[in-house]
Amino acid sequence: MPDTRARGHASLPKAPTGIHGLDEITGGGLPQGRPTLVCGSAGCGKTLMAMEFLVRGATEFNEPGVFFAFEETAAELAENVRSLGFDLDELAAQDRIAVEHIRIERSEIEEAGEFDLEGLFIRLGLAIDTVGAKRVVLDTLETLFGGFSNEAILRSELRRLFRWLKDRGVTAVITAERGDGTLTRQGLEEYVSDCVILLDHRVNDQTSTRRLRIVKYRGTSHGTNEYPFLIDAAGFSVLPLTSLGLEHEAANERVSTGIARLDEMLGGGPYRGTSVLLSGTAGTGKSSIAAHFAEASCRRGERCLYYSFEESQSQILRNMRSIGLELAPWIERGLLTFVSTRPTFYGLEMHLAAMHKHIREYDPKLVVVDPMSNFISAGTVHEAQAMLLRLVDFLKARQTTALFLSLTSGGGALEATEQNISSLIDTWVLLRDIELGGERNRGLHVLKCRGTAHSNQVREFVLTSHGVDLRDVYVGPEGVLTGSMRLAQEARERAAAEARSQRIAGKRRELERKRRVLEAQVAALQTEFSTEEAELELLIAAEEQASQRIVDDRGDMARSRQVKGPRGGQG
Amino acid sequence: MNSERDDRGLDDGVWELRLYVAGQTPKSMKAVENLQRMCEEHLPGRYKIEVVDLLKNPRLAKEDEIVAIPTLVRKLPDPIRRVIGDLSNVEKALVGLQLRPTRST
């Protein structure tokens, strides 16, 4: 249960209705022990609201109730509310709810003199005592005016009835048809002075919106606006518009976008619970980035709710498969839910009410709205803005990260604040076409990111078969280049570099060759030298031998002379 | 043929009337009084009046679908007719009970 907002000091005791949103704007519920008038035109949900009040009272607040139906039989009623999951028969069997049909057939009744409605009082009293009722619904009391012609008696009896209800201390809801210029056809508001709720069903531009307003609530401060409300398979829910303040906590945790380089640009990813706007012209890849976001959320085990206002679930699944993102397994595991409706399917308030309801029930950590710009087609720009403001507030209060996609029209200024919601947006990533050299390429940059020193760079953003890829754009002497011009420039640079390296290799080879030649020459010279050296060595050896021989010969000769020489003298 | 016999039965049969009141209020006393006088005058010897006090038998209020008090119900002859009020307006009461016949005039 959301906090009740207007719980004043020593305020009136209240009976909670259990209806989403209604307890919030009434500050806790309907005045306890007093009658409340619910009026509205045919088909605006009076009976349903009254019934939900009763059923929730019996099932959630342990307050049994009595439903007096003047228009439908008990069986018809049970049938009608079964679609909302209320089993009246079961509740009746447990004596928690008593449904009684009061049949008044004008044609069968002749009035002959004074009468009163004591029979009704007796029946009410009996029914209240039987189930120990704390709550009573009279739907639609005004039928009495059709059944009896003596209006003076009826009016005094109604006055007595309301007093009687108060004396019994039951919290009563009385429904009434709306009259011309008055709240109720029979002026019942005269008798019920404590709380009057007006239901309305308006059709604007072929879309219908149900609205609820508290006309009066004695002794309580209450929301005075018209609040849109929704009736669907789970009953009634009212959407408080303005009850949210700027009190949400700011988380320090970052969540990944699923694209590493985008996270880098955002200083680690957007903060949890903030709102991210992804805007760009048609075909700039917004949905692809959103799908990455969603997938990253699922990977972390966090539920993601994806509102798709342009494509069906299967179409998105197929398209994302083409860039390598398989989302189907996450759907099967209950982590990803698509809601695909046309924005024009119902009015903005209904959209908002429906979204509130989904978000409350599914409790996602990430909500993707693809695209929000379509809401303008369901209302005026001003209304769309108010609605988005409320949605952003609601999500922030829940600490739910929101990703809004916005389609900007080609011609307009890209950075013009869309729907004037940029002030609500914490992170704004802009996707743009960069048209250069006869082709369009996708560029991505971060326009703003609160609380982060975000990158100022434009990145080129490429869709590949394995997802989104962010590349640096070419920034060089030739300027900023993208796409095939970037590729061509890169190729040119590659060629030049290759040529350079080839030249270097050539020089290296030449050097090597020269060294080899030199070394060969050195080797040859050494060989020659050693050959000559050997020859000379031989010659030297031979000479030395020869000279030795001469010495030897001389010695021999001398010796031989001395042997023959003593008589002969000196010669 | 049926309707003819019923028409005759309207004259001859016994009228079963039930008057629902809530306690001994002046209004209910007056209603009982008025009813008896009316029956004596128009249905001498051919009527049965049962007075039901819903304060004593509150369940009957639901079963017989009573809202206004006093309510006079003609159980027989068929069809059931209802007249509410203290029957001080005799003319209307007779019309309501279909006792103001057009046949004799």
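Basic side chains Lys and Arg get +1 at the Cβ, acidic Asp and Glu get -1 at the Cβ, and with that the dipole of chain A about its Cα centre reaches some 2540 debye. With a Förster radius of 22 Å applied to the beta-carbon distance between A:ARG82 and A:ALA42, the computed FRET efficiency rounds to 0.55. Entry note, the stretch A:260-485: relative contact order of 29 percent, from Cα contacts under 8 Å with a spacing of 6+ residues.
Over the protein assembly as shown, what is the percentage of antiparallel beta bridges among all DSSP beta bridges, to the nearest 5? Approximately 45 percent, going by the DSSP bridge assignments. In terms of its alpha-carbon gyration tensor, the stretch B:2-97 comes out prolate; a/c meets the 1.5 threshold, and the first ratio a/b outweighs b/c. Taking the fewest neighbouring Cβ atoms within 10 Å as the starting point, the ordered list for A:LEU158, A:LEU405 is A:LEU158, A:LEU405.
Note on B:GLU16 and A:ARG318: their simple-model spin labels are 7.3 nm apart, each label 7 Å out from Cα toward Cβ. Modelled this way, with points 7 Å down the Cα-to-C-beta line, the labels at A:GLU90 and A:GLU190 are 4.4 nm from one another. The lysines within cross-link reach of A:LYS46, meaning a Cα-to-Cα straight distance under 22 Å and a gap of 8 or more places when in the same chain, are A:LYS14, A:LYS134, A:LYS166, A:LYS216, A:LYS357. Reported to the nearest whole Å, the Cα centre-to-centre distance from the stretch A:285-355 to the stretch A:80-154 is 48. With an a/c value of 1.5 or above and a/b larger than b/c for the gyration tensor axes a ≥ b ≥ c computed over the alpha-carbon atoms, the protein assembly as shown is described as prolate. For chain A, the relative contact order comes to 12 percent (Cα pairs under 8 Å, sequence separation of at least 6). Charged side chains reduced to their Cβ positions (Lys and Arg at +1, Asp and Glu at -1) give the stretch B:2-97 a dipole of some 360 debye around its Cα centre.
The Cβ shell under 10 Å around A:ASP200 holds other residues with a net charge of +4, Lys and Arg each +1, Asp and Glu each -1.
Run down the aspartates and glutamates and flag those whose C-alpha is under 17 Å from the C-alpha of B:LYS27, throwing out any fewer than 8 positions away in its chain. Candidates past the 8-residue exclusion: A:GLU110, A:GLU111, A:GLU114, A:ASP116, A:GLU118, A:GLU157, B:GLU50, B:ASP53, B:ASP86.
Along the axis of the charge dipole computed for the stretch A:260-485 (Cβ charges of +1 for Lys and Arg, -1 for Asp and Glu, origin at the Cα centre), the listed residues A:THR401, A:ILE316, A:GLY301 are led at the positive end by A:GLY301.
The A:SER501 and A:ASP472 beta-carbon pair, evaluated with R₀ = 25 Å, returns a calculated FRET efficiency of approximately 0.60. I need the shape label for the stretch A:260-485. Rule: rounded when a/c is under 1.5, else prolate if a/b > b/c, else oblate, with a, b, c from the alpha carbon gyration tensor. In terms of gyration-tensor shape, prolate. For the stretch B:2-97, the relative contact order works out to 37 percent when only alpha carbon pairs closer than 8 Å and six or more residues apart are counted. For A:LYS507, the aspartates and glutamates whose Cα comes closer than 19 Å to its Cα, not counting residues fewer than 8 places off in the same chain, are A:GLU498, A:GLU519. The packing ranking of peptides A:21-27, A:511-517, A:122-128, highest mean first, is A:21-27, A:122-128, A:511-517, where packing means the average number of other beta carbon atoms within 10 angstrom of each residue.
Each value in this text was obtained by applying a stated rule to the coordinates, not by laboratory testing. All of these numbers come straight from a predicted model, not from anything done at the bench. Every residue, glycine among them, receives a Cβ derived from its backbone with ideal geometry; neighbour counts consider all protein chains shown.
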